[in-house]
Amino acid sequence: MSIMSDGWIKKMSLDFDMINPFCEDQVRKNVISYGVSSYGYDIRISNEFRLLNLSDNNTIIDPKNIKDDLFADIIDDFCIIPPHSFVLGKSLEYFKIPRNVLTICFGKSTYARCGIIVNITPFEPQWNGHATLGISNTTPYSVKIYANEGIAQVLFLEGNEVCNKSYADKKGKYQSSSTITLAKV
């Protein structure tokens, strides 16, 4: 595998709609950066959030049977994540990952320096959709997340050969996501 450069990312996005909307330059002025970087793409978080709403410390979150009412829906220009809590968000960008590509998505250092961790996740070959992102506040303080600004970086790894079975072939459960999607089994 090899990591793909900004030129490859631009070509794939402009010719094959791999990232939409696509920003072919890195936007940095007065915002947390987003757009093409040297060897990746800094994605934005949309203005839709699902904030964990726990009033009972004895609540158990079961990934095999997650309850929708554990989350409060927020649509705003920002989201305040309470201490030691987390929020789900979705990428502003819609992705169409080629069959010979695997991505790794991880949080930006600007937020990491504030105690915010964006869960590392792959986008598998031939997955498409808006990425649902798990964002954790590891601090004892509330932290503000800004909608429509950078939240994570995606690195694109091109395989030496095409995979035998892609996410689309497996009929992956998160295929074509357009909303914040809770865990599925």
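The table below gives the values:
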| quantity | calculated |
| --- | --- |
| Leading residue by the ranking (farthest from Thr132 (Cα to Cα)) among those in the stretch 170-185 that are assigned to a loop (DSSP other than H, G, I, E, B) and among the hydroxyl-bearing types (Ser, Thr, Tyr) | Ser176 |
| Selected residue (criterion: farthest from the chain's Cα centre (by Cα)) from residues of the stretch 46-69 that are surrounded by 10 or more Cβ atoms within 10 Å (Cβ to Cβ), aliphatic (A, V, I, L, M) and assigned to a loop (DSSP other than H, G, I, E, B) | Leu54 |
| Verdict on Asn100 being farther than 22 Å from Arg44 by Cβ and either modelled with pLDDT of 95 or more or in contact with a Pro (Cβ under 9 Å, 6 or more places away or on another chain) (or both) | yes |
| Count of residues meeting criterion [closer than 27 Å to Asp68 by Cβ and either assigned to a loop (DSSP other than H, G, I, E, B) or of a type in the set (Asp, Glu) (or both)] in the stretch 150-167 | 1 |
| Residues located in the stretch 148-185, provided they are under 22 Å from Arg50 (Cα atoms) and among the acidic types (Asp, Glu) | Glu149 |
| Near pairs, Cβ below 8 angstrom, 6+ apart or cross-chain, from the stretch 16-45 (surrounded by fewer than 12 Cβ atoms within 10 Å (Cβ to Cβ)) to any residue that is not in a strand (DSSP E or B) | Phe16/Pro98; Asn20/Ser13; Ser38/Ser5; Ser38/Asp6 |
| Contacts under 8 angstrom Cβ, first residue in the stretch 75-97 being free of Cβ contacts under 8 Å to residues at least 60 places away in the same chain, partner among the acidic types (Asp, Glu) and not in a loop (DSSP other than H, G, I, E, B), 6 or more apart | Ile75/Glu48 |
| Subset of the stretch 98-123 [in contact (Cβ under 8 Å) with a residue 60 or more places away in the chain and either over 21 Å from Asp77 (Cβ atoms) or not in a loop (DSSP other than H, G, I, E, B) (or both)] | Pro98, Arg99, Asn100, Val101, Leu102, Cys105, Thr110, Tyr111 |
| One residue from Ser33, Ser85 being over 16 Å from Gly150 (Cα atoms), within 19 Å of the chain's Cα centre (by Cα) and among the small types (Gly, Ala, Ser) | Ser85 |
| Identity of the residue in the stretch 1-45, part of a strand (DSSP E or B) and β-branched (Val, Ile, Thr), that ends up farthest from Asp76 (Cα to Cα) | Ile3 |
| Positions within the stretch 47-80 being under 19 Å from Val31 (Cβ atoms) and of a type in the set (A, V, I, L, M, F, W, C), in sequence order | Phe49, Phe78, Cys79, Ile80 |
| Given (1) outside any strand (DSSP E or B); (2) over 12 Å from the mean Cα position of the chain (by Cα); (3) of a type outside the set (A, V, I, L, M), number of the condition Cys79 does not satisfy | (1) |
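The values are calculated or read from the model by the stated rules, or taken from the named source; none is laboratory data. Source: prediction; values computed, not measured. Please note: Cβ atoms are built from the backbone with ideal geometry, for glycine as well, and neighbour counts cover all protein chains shown.
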